[in-house]
Amino acid sequence: LVSQYATQALVQPPANDQDESQKSTLLILKFLPLMIAWFSLNVPAGLGVYWFTNNIVTTGIQLYLKQGGGAAVSIPDPKDLELKAGTAKRSTAEDREARESKRLEEQEARRARFAAKRAAEEEKAAQRNAER
């Protein structure tokens, strides 16, 4: 129960007092640890220990990431994302032909493997029939 409340206090984003839906969400979140505590009392002890341990570990990870230990998000400048005239790279006919020939080679290799597998299966079936 205490770890749940501590987690909510540490991880919860700042509240906007003017948003009515956020008020109801915060109210639900205040009672959630009580519900989890009640469930913990009514399930096998191992599950309660698991929930507690998981809560502590995930809270630690979230706090580490929040402090910049790995959650550094870089937002690119929208001007850098704009396409400029003449900068798009088009595929050439040679590129398309190379991709097509590679695809055909892979298809032929698959067909050869399938034919070899089928021939081996037919040979085994013929041997079994000959033994009978």
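For this structure, a couple of remarks:
- Rounded accessible area of Ile61 (nearest 10 Å², 1.4 Å probe): 90 Å²
- Remark: the range 123-132, residue by residue, has Karplus-estimated 3J(HN,Hα) of 5, 4, 5, 5, 5, 4, 5, 5, 6, 7 Hz, where x stands for each Gly or Pro and the curve is 6.51 cos²θ - 1.76 cosθ + 1.60 at θ = phi - 60°.
The values are calculated or read from the model by the stated rules, or taken from the named source; none is laboratory data. Computed from a predicted structure; not experimentally measured. Only protein heavy atoms, including side chains, enter the accessible area calculation; ligands, DNA and RNA are left aside. Shrake-Rupley method; radii C 1.70, N 1.55, O 1.52, S 1.80 Å.
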